[in-house]
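The values are calculated or read from the model by the stated rules, or taken from the named source; none is laboratory data. Since the model is a prediction, treat every value here as computed from it, not as a measurement. Backbone-built Cβ (ideal geometry, glycine too); neighbour counts: all protein chains shown.
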Amino acid sequence: MACPPPRIAVLLAQLLSLLWGGAALADLPRIGAEDDWYPYTAWRNERIEGMSADIVRAAFAASESPIELAPYPYSRCMELTRSGSLAACFNTTPDSSIRAEFLLPQEMLFSDDILLWGRNNADMVDDLDAIRGKRVAVTIGYTYGEYFDSYADIRRIPVRRDINGFLMLQRDRVDYVIAFRGTTEALLRDNPELVGEFKALARVHRPRLYLSFSRHHPQAAALLQDFDTGMRQIRQDGTYQRILANWQLTDGQSPLQGSTLQERHNNKMESP
């Protein structure tokens, strides 16, 4: 068989290179990033930004595992991960259902306070019994700790975004909003007209947030191991601490001190 002319050989080589490159891109695992939860993760300035997005990127870079982040609404992100269309999704506060349906790594992304917010003239809350029968705005798909999530005697008003809940609170369409400290602080910075309208009434829970992996994606189990390896490395070399400091969320502490409502409930249940 005659050898192909040099020009044809070059074209064949370029074609094969494109095919291999396309195959490599097709194999690049996609991880879902929540698109509207700033400063942790959000779609801003035509890219995925936020503290936990920086942590995820750094962890996989440290373990030399190429990944692609894709923005989704949280509930859609988790559903695509559950079905195996995405390898993983963040940010997740695990409950028994999450633990049953997803693979969770050993290493968390971060932790922060979940606070109960009311109007600036509202009374402080030391137990959920104090708000029995009240309307509380909750963001669709989010979990807030076993005590709150299982408490039946409040009226949960589902909202698509935290800001919707606060606007409803401002207009007296709900009595309270439950939301994370960090995201609420960012929300108030972005909406200065709301500053002074609300105050934190109770620390409900302080959960750990995770990157949740699919039980049905073919690369998820290996990626979970790579993520844990990378997280340990960036904690050890100081990268993790620098990311938290860069976002000014080093300790994640709330002005409210003392135990959370979840902790008090647990202590009460454990008492003889």
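Take the conditions closer than 21 Å to residue 75 by Cα and surrounded by 20 or more Cβ atoms within 10 Å (Cβ to Cβ) and apply them to residue 198. Does it pass?
Judged against the criteria, residue 198 is not a match.
Does the range 77-98 hold any residues that are at pLDDT 95 or above and surrounded by fewer than 17 Cβ atoms within 10 Å (Cβ to Cβ), and which are they?
79, 83, 84, 85
Which numbered condition in (1) buried (at least 19 other Cβ atoms within 10 Å of the Cβ); (2) touching a residue at least 60 places away in the same chain (Cβ under 8 Å); (3) not in a loop (DSSP other than H, G, I, E, B) is the only one that residue 136 fails?
(2)
Of the residues that make up the range 117-131, is at least one over 13 Å from the mean Cα position of the chain (by Cα), crowded, with 16+ Cβ neighbours inside 10 Å and part of a strand (DSSP E or B)?
So far as the range 117-131 goes, yes, one or more of its residues are over 13 Å from the mean Cα position of the chain (by Cα), crowded, with 16+ Cβ neighbours inside 10 Å and part of a strand (DSSP E or B).
Among the candidates 42, 61, which residue alone is buried (at least 20 other Cβ atoms within 10 Å of the Cβ) and modelled with pLDDT of 95 or more?
Just a single option satisfies the conditions, and that option is 42.
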